[in-house]
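The values are calculated or read from the model by the stated rules, or taken from the named source; none is laboratory data. The model shown is predicted, which means the values in this text are computed figures rather than measured ones. Every residue, glycine as well, gets a Cβ built from its backbone with ideal geometry; the counts of neighbours run over all protein chains shown.
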Amino acid sequence: MALHDEFRGRTRSAFQHALILTLRDILSKRHESVNDIKCYAQDPFYTDIDREVLERSGITVLNNPQGFLEVDDSTVVLSFCPDVPVRQVIAEIALPAMMIWDKIRFFENELEKSLTTDPNSPRLSKMIQSRYEEIEFPGHLEAFEPVSIYVRQEV
């Protein structure tokens with residue numbers, strides 16, 4: 001059972017890292033600037049092999065909290081099932097151009113809210129509702145459920 005879970009986790013991770021590279025390629029073509037788009041990844045569970053594969057793919061692996069320090073208003077942030085309040089931290093730092101992360105959910109009660117490691121906050125909810133358009137993530141891949149795409153609207 002544990003081996004199956006580890007394989008499933010690795011598969012999810014591979015899809016997620018492939019998304020980073022796909023986004024980089026799309027944005028590079030759109031902006032005609034292949035070398036200007038930097039990709040970073042941060043996960044305390046990366047192994048040496050993970051780091052080597054990511055580095056070969058052009059993704060710089062950062063240690064905590066360096067990933068947060070790289071976020072600005074031109075950033076595309078990806079976060080999937082984090083064990084820290086990524087969305088709340090991002091809401092305090094910048095208004096990223098795009099965020100692909102766990103779907104914003106509104107909880108009925110405090111107990112349900114307390115069971116998540118990346119809950120909404122009033123500031124996050126206000127930021128999303130006033131500045132972003134939510135787009136359902138295409139497809140039904142397990143690696144990206146439940147995820148939405150949030151694109152910042154110019155005001």
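Residues that are over 21 Å from Phe15 (Cβ atoms) and either at pLDDT below 95 or crowded, with 17+ Cβ neighbours inside 10 Å (or both) do occur in segment 52-64, at least one of them. Screening Val77 with (1) modelled with pLDDT of 95 or more; (2) under 20 Å from Pro146 (Cα atoms); (3) surrounded by fewer than 17 Cβ atoms within 10 Å (Cβ to Cβ) gives one miss only, at (3). Quick check: anything in segment 97-113 of a type in the set (Asp, Glu), loosely packed, with under 13 Cβ neighbours inside 10 Å and at pLDDT 95 or above? Looking for residues that are of a type in the set (Asp, Glu), loosely packed, with under 13 Cβ neighbours inside 10 Å and at pLDDT 95 or above, one finds none in segment 97-113, hence no.
Of note, Pro119 does not satisfy the criterion of being at pLDDT 90 or above and within 20 Å of Phe144 (Cα to Cα). The residue that is farthest from the chain's Cα centre (by Cα), counting only those in segment 142-155 that are within 21 Å of Asp83 (Cα to Cα), in contact (Cβ under 8 Å) with a residue 12 or more places away in the chain and surrounded by 13 or more Cβ atoms within 10 Å (Cβ to Cβ), is Ala143. Where helices (runs of 4 or more DSSP H) sit wholly within segment 46-107, those with at least 2 residues that are in contact with a Ser or Thr (Cβ under 7 Å, 6 or more places away or on another chain) and touching a residue at least 12 places away in the same chain (Cβ under 8 Å) occupy 86-93.
Quick check, is Pro138 exposed (fewer than 15 other Cβ atoms within 10 Å of the Cβ), under 16 Å from the mean Cα position of the chain (by Cα), of a type outside the set (Phe, Trp, Tyr) and part of a loop (DSSP other than H, G, I, E, B)? Yes, satisfied. Among the residues of segment 1-34, the one identified as within 19 Å of Gly58 (Cα to Cα) and modelled with pLDDT under 65 is Val34.
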